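The values are calculated or read from the model by the stated rules, or taken from the named source; none is laboratory data. Everything numeric in this text was worked out from a predicted model, so none of it was measured. Every residue, glycine among them, receives a Cβ derived from its backbone with ideal geometry; neighbour counts consider all protein chains shown.
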Amino acid sequence: MLDTHGGRRPIISISVITALALLGDSLLYSLLPLYAGTLGLSTFMVGLLLSANRWVRLVTNSLASRSFARWGFSGIMLVNVLLTVVSTVAYAFPLGVGCFLAARLLWGACYSHLRLGGYLVALGASPAGLGLALGLIQSFSRLGSMLAVLGGGLLADRWGYSWVMAGAGLFSLGALPFVGGCRGALGKAEIGSVDPLPQGGAAPSTDRLSLPFCNAAGFTTCLVGWGMVLSSLSAVLHQRVGMGIELRGSVLGIATIAGVVTALNWVCTLVVSPLAGRLCDRLGRRVPFLVATLLQGGALLCLAWMEQVLATVVFFTVFFICLNAQKVFLDAAAGDGALEGGADAVSRYNSWQDLGSAAGPLLGYGLAAVLSFAVVYLIGAGVLLGVGLLSLRAGKKQRSVWDAA
């Protein structure tokens, strides 16, 4: 449990830094599909740009591991905050595909460091309650994403895309005062020497997931959830809603609607992630992952078949709840492996996630251009149901970090 001020402060600090860094990235997912024509981008280029930051992380994840082993944590966070501002402001202006691509690659490198930094903070603050610590970081850091897509969609309908993106970049500078608060995070070399025993408390279930399964499941769930579905949300809503809907005499533009629905994902993150972390600390990793993944696949099946606006919003919400819980379960399982195998285990797991997230938009938009998003969602649902069932054979019944002698 996070029962000391020293454990809470680094978690709060890294969460705020990540939340503000994510403003521009979250806005881009909501707004870029809607303003692609104005910016001179084709549908294919939208998919490429939304995935580019994940492709580069296949290289920068290992770079992040070496960075934390060599330099101070606060210095790395300071550089990342400043580079995040540069990348977000670069999104604001139609300077061409090359500029967009360079900004996305830069952001990918920044996020590699932010994400591994979150793991190091969680392991340093509470290795015995790793699920809860990771859930709290995921929850608090996504508050920025929720505010970005809610306010950003509304402001974009009124003031335009460029002003909103530039403002998000400048607002990210607010992370600077929190850089010094991350002291206490573990260095790369320290992870393997962490004593995972809590001081008292009941031992939870020993039902865990193996690292190879975490890598494979991280790839496939990110391919579908964070890649194919989230990147296409605005486009799907546009097909089903049009340019907007009339509500009590007022017209809600499609950017506002897409922002509200996307924000439901971040609302779910805020509420679900800490609860999911607590749950998997008590019950283990496998059974919660199985239930969440099967429910997620069912929700995606319903999204493919039911095209009414209300049903679309409801099943997107169910999908988001399961998506965020699923991520915490897998992250915690990979964190178990990090306690045994060091930071390199987390870097490999992150890279498999990034490969799935990077391929997702390209695959989703590519298939949709030939078939439809409904068919894409049917395929994704089948993949999720398959991964969920495979976890029945991937349980790792072994002594957990809580049961060590």
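Okay, here's what the table says:
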read-out	value
Single match in VAL318, VAL287 (criterion: under 20 Å from GLY259 (Cα atoms) and in a helix (DSSP H, G or I))	VAL318
Residue in the range 64-78 that is under 25 Å from GLN326 (Cα atoms) and crowded, with 20+ Cβ neighbours inside 10 Å present	yes
Filter pass, LEU363 being part of a helix (DSSP H, G or I), touching a residue at least 24 places away in the same chain (Cβ under 8 Å) and closer than 27 Å to LEU32 by Cβ	yes
Failed item in (1) modelled with pLDDT under 85; (2) under 20 Å from ILE14 (Cα atoms), with PRO94 passing the rest	(2)
Test for MET77: is it in a helix (DSSP H, G or I), more than 25 Å from ASN265 (Cα to Cα) and not basic (Lys, Arg)	yes
Test: residue in the range 304-327 that is under 27 Å from SER65 (Cα atoms), surrounded by fewer than 23 Cβ atoms within 10 Å (Cβ to Cβ) and under 16 Å from the mean Cα position of the chain (by Cα)	no
Pairs with Cβ under 6 Å, 6+ apart, first in the range 127-156 and basic (Lys, Arg), second buried (at least 24 other Cβ atoms within 10 Å of the Cβ) and in a helix (DSSP H, G or I)	ARG142/TRP266; ARG142/THR269
Yes/no for GLY131 being at pLDDT below 85, crowded, with 23+ Cβ neighbours inside 10 Å, in contact with a helix residue (DSSP H, G or I) (Cβ under 6 Å, 6 or more places away or on another chain) and under 30 Å from TYR35 (Cα atoms)	no
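Okay, residues lined up against (1) at pLDDT 80 or above; (2) farther than 15 Å from ARG115 by Cβ; (3) touching a helix residue (DSSP H, G or I) at 6+ places or on another chain (Cβ under 9 Å); (4) crowded, with 16+ Cβ neighbours inside 10 Å:
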{"position": "LEU2", "(1), (2), (3), (4)": "no, yes, yes, no"}
{"position": "SER30", "(1), (2), (3), (4)": "no, yes, yes, yes"}
{"position": "LEU41", "(1), (2), (3), (4)": "yes, yes, yes, yes"}
{"position": "MET45", "(1), (2), (3), (4)": "yes, yes, yes, yes"}
{"position": "LEU48", "(1), (2), (3), (4)": "yes, yes, yes, yes"}
{"position": "TRP55", "(1), (2), (3), (4)": "yes, yes, yes, yes"}
{"position": "SER62", "(1), (2), (3), (4)": "yes, no, yes, yes"}
